[in-house]
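Data block below; observations after.
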Amino acid sequence: MASTSTAVTVPFLDLKAQYHSIKPEIDAAIAKILETSQFVLGEEVAGFEREFAAYCGAAHGVAVNSGTSALHLAFLAAGIGPGDEVITIPHTFVATVAAIRYTGARAVFVDVDPVTFTMDPGKVEAAITPRTRAIVPVHLYGHPADMDPIVDIARRRKLVLVEDAAQAHGAQYKGRPVGSLGDMACFSFYPGKNLGAYGEGGLVATGNEEYARTIRMLRDWGQDRKYHHVLAGYNYRMEGMQGAILRVKLRHLEKWTEARRSHAARYRTLLADTGLGLPSEAAGCRHVYHVYAVRTRERESLMKKLGDRGVQTGIHYPVPVHLQPAYADAAWSKSSFPHSEKAADEVVSLPMYPEMTEEHLLAVSQALHGR
């Protein structure tokens, strides 16, 4: 009779293990903030902005309080507002579309490539109307979108290109880091991200000085100097504590990314005979495996089998945005975006984090093989 448990419990993510691996550095960074009392913005946030912008190959980085806020302010800096349209994908976290809605603009969807789950460039031109102002490719799961044809369309049609890089810290496209491929790029530092804060955080990377200047004002009540409000802004500032923590963690990001890539390669070997659709890496791309999403037509039974054997799983994402009640639009219905809908029905995310061991990887494999 097959065992219903494994000797090893494999969590979906283990942030505690990551903390303990860098505990002295983190504790010192937190203590410095407590001593300086620079709790909002301050030197540590400014230092992180410089260092992360350089990591992305961008001239400017503007830190904010979440990835959603980063998107919102990027759209506002681009002049997007009521009556405008922004092209993106429906197979994404809802924040991509929510931030478009915050400006009063309308999201217009195009389907994803069924292999990479990123924007299908061949669908973009047909979605452009006289109201279109921007294109937002999403580097989903840590795999870059196919940017060259999307950049070409944006330039020819004079549209703003905003990368949603919330899941793609360190990903590369043809040797260039995401964050440097469009007019602006928006990152999230939610705790579970490849580069995660100990709370919320986000950043807009850009090579455009005017965009950076506008976003800096918008995040801080529209001030160009204290108590002088040029724009109608927001309280979207990054906390000093998060900036200090992120500076520490950025120093380890490349090592963690290589660990993720190594785990993904090991999964590909261990799971080759399972019949699952395994993630792949397009030529010229560097996948950073924020999520290791496999495909199966028997998702519920697969997740139960893994759960019974101590392996945690997730779904990213079970309902595409165009079918979410909060974002319903008369222009879209079920079957409007078949690849996105099929992905939403089939994807299962397996455990993926740098601190995984060979024992963890074998436990996942054994659970999938029913051993």
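Of note:
- In Å, descending, principal axis extents of the Cα set of region 83-204: 42, 33, 25
- Phi angles of region 262-273 translate, via the Karplus equation with coefficients 6.51, -1.76, 1.60 and θ = phi - 60°, into HN-Hα couplings of 5, 4, 5, 5, 5, 4, 4, 6, 5, 9, 4, 9 Hz per residue; Gly and Pro are given as x.
- Around the amide H of His316, modelled in the peptide plane, lie the amide H atoms of Ser349, all under 5 Å away and 5 or more residues distant in sequence or on another chain.
- Debye-sum result for region 158-243 in log10 I(q)/I(0), which assumes one identical scatterer on each alpha carbon, at q = 0.12, 0.17 Å⁻¹: -0.42, -0.80
- Approximate shape of region 51-148 as ellipsoid semi-axes (Cα gyration tensor, √5λ), whole Å, largest first: 21, 19, 12
- Per-residue HN-Hα couplings for region 243-252 [Karplus 6.51, -1.76, 1.60; θ = phi - 60°; Hz; x = Gly/Pro]: x, 5, 5, 5, 4, 4, 5, 4, 5, 9
- Taking amide H positions as modeled 1.01 Å from N, with prolines and chain starts lacking one, the residues under 5 Å from Gly202 and 5 or more places away or on another chain are Val64, Asn65, Ser66, Phe189.
- When the convex hull of its Cα atoms is viewed from all sides, region 280-371 shows a mean projected area of 8.1 nm².
- Per-residue HN-Hα couplings for region 135-141 [Karplus 6.51, -1.76, 1.60; θ = phi - 60°; Hz; x = Gly/Pro]: 10, 10, x, 10, 7, 5, 6
- Residue order for Met241, Met352 - accessible surface, 1.4 angstrom probe, largest first: Met241, Met352
- Count of Lys pairs (Cα-Cα under 21 Å; at least 8 positions apart or interchain) in the chain: 16
- Maximal additional length on extending the Ala17-Arg251 stretch stands at 82.5 nm, based on 0.36 nm per residue less the C-alpha distance.
- For region 197-275, convex hull of alpha carbons as volume per residue, Å³: 168 Å³
- Counting every alpha-carbon pair across region 258-316, the share separated by more than 12 Å comes to 72%.
- Tail fraction, Cα-Cα pairs, region 11-99, threshold 21 Å, whole percent: 56 percent
- Normalised by 2.2 N^0.38 Å, with N the number of residues, the alpha-carbon radius of gyration of the chain equals 1.00.
- Relative contact order %, region 40-140, counting alpha carbon pairs below 8 Å whose residues are six or more apart: 25 percent
- Secondary structure note: in the chain, about 65% of the DSSP beta bridges are antiparallel.
- Amide H contacts for Val8 (H built 1.01 Å from N in the peptide plane; partners 5 or more residues away or on another chain; cut-off under 5 Å): none found.
- Of the residues Lys249, Lys193, Lys305, the one that moves most in a GNM of the chain with alpha-carbon contacts below 10 Å is Lys305.
The values are calculated or read from the model by the stated rules, or taken from the named source; none is laboratory data. Here the structure is a predicted model, which means the values were calculated and not measured. Note: accessible area is taken over every heavy atom of the protein model, side chains too, but ligands, DNA and RNA are not part of it. Shrake-Rupley method; radii C 1.70, N 1.55, O 1.52, S 1.80 Å.
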